[in-house]
Amino acid sequence: RLRRPEADGFIASYATLLDPKAIGLPILAYAQVTLENHHPESVRQFDELIARRPEVLECHSMSGTNDYLLRIVAGSIEAYEHFLSTHVLQTKAVRSVNTSFVLRTKKLTTRLPLDAGGSAAVRARASS
């Protein structure tokens, strides 16, 4: 049943989703990051930082006033502050970071809405 969707490129990967709180990572933060500039060396420095830090679950290049949005997990507020001060803010490319902490998650899903928007393309590709 999964070979065709895999071959057609619909399935990007498989994963087991762990409960962050159950494994000692109860803190979820979203950090808006602004770089000093967009020179290739600055972007490379930032990209290398993000790639090697396991606390950073997602990094998105954004439109608007900030350059990046990060989703970060931590064991405590103190652990997050340590990560921020010893890794992110020590990177010369980073100008500023504005962090918001999740108080309560109202919805969390990894399921894509197949019956919305681009579903016609999905159906057409799947039926061919």
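Filter the stretch 39-86 for residues that are out of contact with any Lys or Arg (no Cβ under 6 Å at 6 or more places or on another chain) and among the acidic types (D, E); which is least open to solvent (accessible area, probe 1.4 Å)?
Only one residue tops the list, namely D67.
Filter the stretch 81-103 for residues that are touching a residue at least 40 places away in the same chain (Cβ under 8 Å), of a type outside the set (D, E, K, R), within 26 Å of E41 (Cα to Cα) and outside any loop (DSSP other than H, G, I, E, B) and give the result. Steps first, please.
We begin by selecting, within the stretch 81-103, every residue touching a residue at least 40 places away in the same chain (Cβ under 8 Å); these are 84, 88, 91-102.
Subset that is of a type outside the set (D, E, K, R): 84, 88, 91, 93-94, 96-102.
Filter again for within 26 Å of E41 (Cα to Cα), leaving 84, 88, 91, 93-94, 96-99.
The answer is L84, V88, V94, S96, V97, N98, T99.
Determine the pairs where a residue that is more than 30 Å from T105 (Cα to Cα), located within the stretch 1-22, has a partner that is surrounded by 10 or more Cβ atoms within 10 Å (Cβ to Cβ) and at pLDDT 85 or above with Cβ atoms under 7 Å apart, the partner being 6 or more residues away or on another chain.
Cβ pairs passing all conditions: L2/I11; P5/I11.
Looking only at the stretch 26-75, how many residues end up being touching a residue at least 24 places away in the same chain (Cβ under 8 Å) and small (G, A, S)?
The total comes to 5.
Please give the number of the condition K106 fails out of (1) surrounded by 12 or more Cβ atoms within 10 Å (Cβ to Cβ); (2) modelled with pLDDT of 95 or more; (3) in a loop (DSSP other than H, G, I, E, B).
Going through the list (1) surrounded by 12 or more Cβ atoms within 10 Å (Cβ to Cβ); (2) modelled with pLDDT of 95 or more; (3) in a loop (DSSP other than H, G, I, E, B), K106 breaks only (1).
So in the stretch 1-38, with the set limited to residues that are out of contact with any helix residue (DSSP H, G or I) (no Cβ under 7 Å at 6 or more places or on another chain) and small (G, A, S), which one is least open to solvent (accessible area, probe 1.4 Å)?
Filtering the stretch 1-38 for residues that are out of contact with any helix residue (DSSP H, G or I) (no Cβ under 7 Å at 6 or more places or on another chain) and small (G, A, S), the one least open to solvent (accessible area, probe 1.4 Å) comes out as A31.
The values are calculated or read from the model by the stated rules, or taken from the named source; none is laboratory data. Predicted model, so just to flag it, every value in this text is computed and none were measured. Counting neighbours? That spans all protein chains shown, and the Cβs are built from the backbone with ideal geometry, glycine included. To get the accessible areas, we keep the full protein, side chains included, count just its heavy atoms, and leave off ligands, DNA and RNA. Shrake-Rupley method; radii C 1.70, N 1.55, O 1.52, S 1.80 Å.
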